[in-house]
Amino acid sequence: MSLICDIHTHRGDIHANAIITTTPQSFNPMECRLYSVGIHPWDSNNISDNTINLLKDISTHQQVVAIGECGIDRLRGACIDIQKDIFEQHILLSEQLHKPLIIHAVKSVDIILSLYNQYKPTQSWIVHGYRGNKTTAKQLLDRGIELSFGEKFNEETVASTPLDRLWIESDESTTDIKEIYSKIALIHGLRGEELLQIITRRAEKLFFSY
């Protein structure tokens, strides 16, 4: 079992302690690597039942530890009704398989919160690459939704996010994950190594508890 320190990356060539996000069509697992699988909102046009069925099948793979990236993007992708339908398929899959949900949310926090209230999920929801302000972050955190931060972030938001609700990711960045840890740890008055230990312990419980 890997010690996960990077919960979301699109880079398959990155360190072994990352969860690599992929689509159902491109899933081709490498030995000893971990994955999340989902339909990105940008790819929500022309999604067929076959794609959804493939997603459901691949999501049961032992190397898939999370569902997503999935969600709602008001700036890109299919119409919101279609995006919501696809996102709800991911929510149900997350609940069925007891795997966390990795969420892409662009100008759609209101929809995400509404769906959270509707489904009352038992699995963790994590909004990845969060760059918003602390007021909006509080709305998510107050409902139980967690936040993941990457290379670019709002310092006030990071400071106001409890360490037991905070995750770190590289996403598409080539910046060393240790550098991201150091910057975020400093905001919380910690050393990068201390934050790393906190995140890896939490990740072990979250991603290997199903």
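Structure summary
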| item | result |
| --- | --- |
| Filter pass, THR60 being modelled with pLDDT of 95 or more, out of contact with any His (no Cβ under 7 Å at 6 or more places or on another chain) and surrounded by fewer than 16 Cβ atoms within 10 Å (Cβ to Cβ) | yes |
| Answer residue from region 60-118, given it is part of a loop (DSSP other than H, G, I, E, B) and touching a residue at least 40 places away in the same chain (Cβ under 8 Å) and is nearest to the chain's Cα centre (by Cα) among those | PRO100 |
| Residue match in region 155-170 (condition: closer than 12 Å to ILE7 by Cβ, without any contact (Cβ under 8 Å) to a residue 40 or more places away in the chain and in contact with a Leu (Cβ under 8 Å, 6 or more places away or on another chain)) | yes |
| Selection within region 138-149 - free of Cβ contacts under 8 Å to residues at least 60 places away in the same chain and within 15 Å of the chain's Cα centre (by Cα) | LEU140, LEU141, GLY144, ILE145, GLU146, LEU147, PHE149 |
| Per-region count, region 1-43, residues closer than 13 Å to HIS104 by Cβ and either part of a loop (DSSP other than H, G, I, E, B) or under 16 Å from the mean Cα position of the chain (by Cα) (or both) | 10 |
| Conditions (1) of a type outside the set (Gly, Ala, Ser); (2) closer than 19 Å to HIS15 by Cα; (3) crowded, with 16+ Cβ neighbours inside 10 Å; (4) within 16 Å of the chain's Cα centre (by Cα); number of the one not met by GLU204 | (3) |
| Test: LYS152 is in a loop (DSSP other than H, G, I, E, B) and either in contact (Cβ under 8 Å) with a residue 12 or more places away in the chain or out of contact with any His (no Cβ under 7 Å at 6 or more places or on another chain) (or both) | yes |
| Among the candidates ARG11, ARG76, residue that is among the charged types (D, E, K, R), surrounded by fewer than 18 Cβ atoms within 10 Å (Cβ to Cβ), touching a helix residue (DSSP H, G or I) at 6+ places or on another chain (Cβ under 7 Å) and under 26 Å from LEU147 (Cβ atoms) | ARG76 |
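The values are calculated or read from the model by the stated rules, or taken from the named source; none is laboratory data. This structure is a prediction, so every number in the text was calculated from the model and none was measured. Here Cβ is always computed from backbone atoms with ideal geometry, including for glycine, and neighbour counts include all displayed protein chains.
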